[in-house]
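The values are calculated or read from the model by the stated rules, or taken from the named source; none is laboratory data. Every value quoted in this text rests on a predicted model; they were computed, and no experiment measured them. Positions of Cβ are generated from backbone atoms using ideal geometry, with glycine treated the same way; all protein chains shown enter the neighbour counts. What goes into the accessible areas is simple: the full protein's heavy atoms, side chains included, and nothing from ligands, DNA or RNA. Shrake-Rupley method; radii C 1.70, N 1.55, O 1.52, S 1.80 Å.
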Amino acid sequence: MKSISSQEARERAHQMLQQAGIILTPAEAEQLEIADFGLKRLKQEGLQLITYVNNDRYCAKELVLFPGQTCPEHRHPPVGADPGKRETFRCRSGTVYLYVEGDAAPTLHAQVPDESKPYYTVFHELVLAPGDQYTIEPDTLHWFQAGPEGAVVSEFSSTSRDELDIFTDPRIVRVP
């Protein structure tokens, strides 16, 4: 599979946001974060995002996933007296296959990336279409993958501390 540069990913993500009716300012478009989690396989495992606001009370982001792209399994742990990030995903376009703790689905819509199979452990499946939303409680293992058309997801949460997220894959590096 051909790799994609950060600039190509940024432009493609911006286009997908526009197609979903989400308009960014030019400055925001330049600030689109490209997260490959240190795996160097952005098309398979990665995420494009823009953070509108993140303070000591709340956070709002847009997440963009290319077709079949996966955000690896992780959780948002407690930090001091804070129980960890509670986040609500609202699908704006495309389809998102979200996996959380619970009874495993008999078959999955998503395809776990071959290179990372040992690090995916939760398989309770939720399928989010445009307008659907789901809230993930703090410290809950989860991962998600875009359907064949890609996906745009709005995330509303308590304070985000990305650098403290715990991934099941020890190869992952996440920085703010």
Task: Of all residues making up region 54-72, the number that are under 16 Å from residue 109 (Cα atoms) and either out of contact with any strand residue (DSSP E or B) (no Cβ under 7 Å at 6 or more places or on another chain) or not aliphatic (A, V, I, L, M) (or both) - done: 7
Task: Tally of residues being part of a loop (DSSP other than H, G, I, E, B), open to solvent by less than 20 Å² (accessible area, probe 1.4 Å) and farther than 14 Å from residue 69 by Cβ across region 109-131 - done: 2
Task: Residues satisfying the stated conditions in region 69-100, i.e. outside any strand (DSSP E or B) and open to solvent by 30 Å² or more (accessible area, probe 1.4 Å) - done: 78, 80, 81, 83, 86
- [ ] Within region 1-51, work out how many residues are in a helix (DSSP H, G or I) and either open to solvent by 70 Å² or more (accessible area, probe 1.4 Å) or hydroxyl-bearing (Ser, Thr, Tyr) (or both).
- [x] 10
- [ ] Scan region 159-172 and report the pairs whose first residue is within 19 Å of residue 99 (Cβ to Cβ) and whose second residue is among the aromatic types (Phe, Trp, Tyr) and open to solvent by less than 30 Å² (accessible area, probe 1.4 Å), with Cβ atoms within less than 6 Å and a gap of 6+ or a chain change.
- [x] 172/37
- [ ] Could you please find all residues in region 52-68 being open to solvent by 60 Å² or more (accessible area, probe 1.4 Å) and of a type in the set (S, T, N, Q)?
- [x] 54
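Residues are listed down the side, and each one gets a yes or a no for (1) in contact with a helix residue (DSSP H, G or I) (Cβ under 9 Å, 6 or more places away or on another chain); (2) among the small types (Gly, Ala, Ser); (3) without any contact (Cβ under 8 Å) to a residue 24 or more places away in the chain; (4) closer than 20 Å to residue 149 by Cα:
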{"residue": "38", "(1), (2), (3), (4)": "no, yes, no, no"}
{"residue": "46", "(1), (2), (3), (4)": "yes, yes, no, yes"}
{"residue": "88", "(1), (2), (3), (4)": "no, no, no, no"}
{"residue": "92", "(1), (2), (3), (4)": "yes, no, no, yes"}
{"residue": "103", "(1), (2), (3), (4)": "no, no, yes, no"}
